[in-house]
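The values are calculated or read from the model by the stated rules, or taken from the named source; none is laboratory data. The structure presented is a predicted model; accordingly, all values stated were derived computationally and were not measured. Methodologically, a virtual Cβ is constructed for each residue, glycine included, from the backbone with ideal geometry; neighbour enumeration extends over all protein chains shown.
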Amino acid sequence: MFLRVQSEAKKGTSDPVEVKPVANDGAFVSQPQSQPQSRPQEAGPSYRPTDAKAGQYTELKMALHQRLLDMINLSVIDRMEPEEFRREIGEMVRELLLEENRPLNLSERTQLVDDILDELLGLGPLEPLLKDNTITDILVNGYANVFVERAGLLEHTPVTFKDDRHLLRIIDKIVAAVGRRVDESSPMVDARLADGSRVNAIIPPLAVDGPLLSIRKFAKIPINMDTLVEFGSLPATFAELLRGIVRCRRNVLISGGTGTGKTTMLNAMSAFIDERERIVTIEDAAELQLQQVHVARLETRPPNIEGKGEISQRELVRNALRMRPDRIIVGEVRGGEAFDMLQAMNTGHEGSMTTIHANACRDALTRLEQMIGMAGFDLPARSMRGQIASALHVIIQIERMSDGKRRLISLNEITGMEGEVVTMHEIFKFRRRATDADGTIHGEFVATGIRPQFMNEFETRGIEVSPDMFEPNRSME
Ligand SMILES: Nc1ncnc2c1ncn2[C@@H]1O[C@H](COP(=O)(O)OP(=O)(O)OP(=O)(O)O)[C@@H](O)[C@H]1O
Ligand SMILES: [Mg+2]
């Protein structure tokens, strides 16, 4: 098994490396030198040798990459040991650099070989961003604009793709790996990277200015409740209460806008579930990282290219009921499964949890009602609300604020119905005091003074919490 194409190997050692347009799939066509690469001017962390040299470096890398494509036998890449592949590519790069009379020192050459390997095997310019653990989201708006989210705030990066075709090629690679495709007939796709990161891609004509790629990176070390407290997302007292809520099997709904940390909170809360319980999780893209041993994970299936074979969350919730779960956790309710989830909560699967996309607890209830409607039953509003009121016990609202911090801003208990209305009381909230010019928010977490009804349940089960926890207006850290 040779990596080097035998007849090309000789040729490869005699031709000088030059930048020339090559008509392959267009992904790595070298740009003529007369067309300078457009590159955002923003300062920021650089992921390649910087600015003035960046163009040259990219040119060199692209040229070498192109030459390597001619020199190597692509069909054996998958069958080679990564170390062997790396060694051979390293050797070839060194030869090519010698011919080109571009002496690079060892660390420069290692970097170049790494970059080329990334281009050949991985996801090109995305690789350094994927490796950077401080980044939580990667957002690509066409080939020339790549943004990332760090510590809750968006930043423009100097990373670019060669052109939109290069970007499309990378998108293709991502979606092909999960057996999907992206083209004019299916211009939007959800996929997942091998490391578990969640991906959405949408291409023209739906994306007006070029392909759009959004990646929610998978947290290698998931954020747990202690970390959330450390980050100031909630005070330790709230965490203590949440622990009790999970322990005494209250049904919980976590509400928040997009990217506010709903899944993270669900994951952190689920850690309070007893090891001895059987947990079934249902998600559209498996993101939860439960630490318990007894977890049965289910994931929906999108329709295939002919539009067939879809398995929805709703079907999975129903199936889960036949799997003897102690608790059911639905990653996020979006549609008719809300009805089945509430039914499950009402019929002996107490302690179940889910999240919902809404900007306030009251809105979450309205959305839930709409979702029950999607299940296709013509239920009168009163009975839908009755279902909600008897199934749900606690709603938590989280928000990502202008300072980039995510906070638990409201914890509510549902207490029943009054006439046609679901009644709930706010137990804890975040009280915002002031905002600095730089967006920093000042405020405090306080109790409203209402002692929740679930405290009776706490007592029955012997769950103790600080007695002054519900004292009104006492600021908590
Ligand atoms: N309290 C927090 N402090 C700092 N970072 C957080 C916090 N909560 C979540 N994150 C990070 O923010 C990102 C979004 O979190 P998460 O996936 O939980 O949000 P979400 O509301 O479920 O998003 P979506 O609406 O896309 O499903 C993740 O990368 C996560 O690691
Ligand atoms: Mg989520």
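If you check Leu96, Leu117, Leu106 for being surrounded by fewer than 16 Cβ atoms within 10 Å (Cβ to Cβ), hydrophobic (A, V, I, L, M, F, W, C) and either modelled with pLDDT under 85 or within 24 Å of Glu59 (Cβ to Cβ) (or both), only one passes: Leu106.
Annotation note: Cβ proximity below 6 Å between a residue of the stretch 261-290 that is within 13 Å of ligand 1 (Cβ to nearest atom) and a residue that is assigned to a loop (DSSP other than H, G, I, E, B) and acidic (Asp, Glu) (sequence gap 6+ or interchain) occurs for Thr263/Glu287.
Restricting the first member to the stretch 202-227 and to residues that are closer than 30 Å to Gly142 by Cα and part of a strand (DSSP E or B), and the second to residues that are within 11 Å of ligand 1 (Cβ to nearest atom) and aliphatic (A, V, I, L, M), the beta-carbon pairs closer than 7 Å and six or more apart or on different chains are Ile215/Ile138. Residue-level analysis places Gly232 among those that are within 22 Å of Glu444 (Cα to Cα) and part of a loop (DSSP other than H, G, I, E, B). Counting the residues of the stretch 228-241 that are more than 17 Å from Ala151 (Cα to Cα) and either in contact (Cβ under 8 Å) with a residue 60 or more places away in the chain or under 13 Å from the mean Cα position of the chain (by Cα) (or both) gives 6.
Residues in the stretch 444-463 include at least one that is of a type in the set (Val, Ile, Thr), out of contact with any helix residue (DSSP H, G or I) (no Cβ under 9 Å at 6 or more places or on another chain), under 17 Å from Phe238 (Cβ atoms) and part of a strand (DSSP E or B).
The single condition among (1) within 16 Å of ligand 2 (Cβ to nearest atom); (2) over 27 Å from Glu275 (Cβ atoms); (3) touching a residue at least 12 places away in the same chain (Cβ under 8 Å) that Arg367 does not meet is (3).
Within the stretch 203-216, restricting attention to residues that are within 16 Å of ligand 1 (Cβ to nearest atom) and touching a Gly at 6+ places or on another chain (Cβ under 9 Å), the residue that is farthest from Glu240 (Cα to Cα) is Leu212.
For the stretch 69-131, the helices (runs of 4 or more DSSP H) that sit wholly inside it and include 3 or more residues that are touching a His at 6+ places or on another chain (Cβ under 9 Å) and touching a residue at least 40 places away in the same chain (Cβ under 8 Å) are 106-121.
Being without any contact (Cβ under 8 Å) to a residue 12 or more places away in the chain and either part of a loop (DSSP other than H, G, I, E, B) or within 16 Å of ligand 1 (Cβ to nearest atom) (or both) is the filter here, so list the residues in the stretch 176-201 that pass it. Scanning the stretch 176-201 gives Gly179, Ser185.
Scanning the stretch 392-406 for residues that are buried (at least 23 other Cβ atoms within 10 Å of the Cβ) and either of a type outside the set (Val, Ile, Thr) or more than 16 Å from ligand 2 (Cβ to nearest atom) (or both) gives Leu392, His393, Val394, Ile395, Gln397, Arg406. Checked against (1) in contact with a strand residue (DSSP E or B) (Cβ under 8 Å, 6 or more places away or on another chain); (2) surrounded by 12 or more Cβ atoms within 10 Å (Cβ to Cβ); (3) of a type outside the set (Phe, Trp, Tyr), Ala434 passes all but a single condition, namely (2). If we keep just the residues of the stretch 244-253 that are closer than 11 Å to Met353 by Cα and assigned to a loop (DSSP other than H, G, I, E, B), which is nearest to ligand 1 (Cβ to nearest atom)? Checked the stretch 244-253; the qualifying residue nearest to ligand 1 (Cβ to nearest atom) is Asn251.
Does Ile273 qualify as being modelled with pLDDT of 95 or more, away from ligand 2 (no atom under 14 Å from the Cβ) and surrounded by 16 or more Cβ atoms within 10 Å (Cβ to Cβ)? Yes.
Within the stretch 376-385, the set of residues being at pLDDT 90 or above and under 34 Å from the mean Cα position of the chain (by Cα) comprises Met384, Arg385. Within the stretch 140-153, the set of residues being away from ligand 2 (no atom under 16 Å from the Cβ) and either at pLDDT 85 or above or of a type in the set (D, E, K, R) (or both) comprises Val140, Asn141, Gly142, Tyr143, Ala144, Asn145, Val146, Phe147, Val148, Arg150, Leu153.
Rundown of residues vs (1) within 16 Å of ligand 1 (Cβ to nearest atom); (2) touching a Leu at 6+ places or on another chain (Cβ under 9 Å); (3) not hydrophobic (A, V, I, L, M, F, W, C), yes/no style:
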residue: Thr366; (1), (2), (3): no, no, yes
residue: Gln370; (1), (2), (3): no, no, yes
residue: Leu379; (1), (2), (3): no, no, no
residue: Met384; (1), (2), (3): no, yes, no
residue: Leu392; (1), (2), (3): no, yes, no
residue: Ile396; (1), (2), (3): yes, yes, no
residue: Arg400; (1), (2), (3): yes, no, yes
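When Gly443, Gly404 are checked against the criterion of being within 16 Å of ligand 1 (Cβ to nearest atom) and more than 27 Å from the chain's Cα centre (by Cα), a single residue qualifies: Gly443.
Let's see how each residue does on (1) more than 11 Å from Met353 (Cβ to Cβ); (2) within 12 Å of ligand 2 (Cβ to nearest atom):
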site	(1), (2)
Ser255	yes, yes
Met269	no, no
Asp284	yes, yes
Glu287	yes, yes
Gln292	yes, no
Ile305	yes, no
Gly331	no, yes
Phe339	yes, no
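In the stretch 194-219, what count of residues is obtained for those that are more than 16 Å from ligand 2 (Cβ to nearest atom) and closer than 23 Å to Glu119 by Cβ? Within the stretch 194-219, residues that are more than 16 Å from ligand 2 (Cβ to nearest atom) and closer than 23 Å to Glu119 by Cβ number 8.
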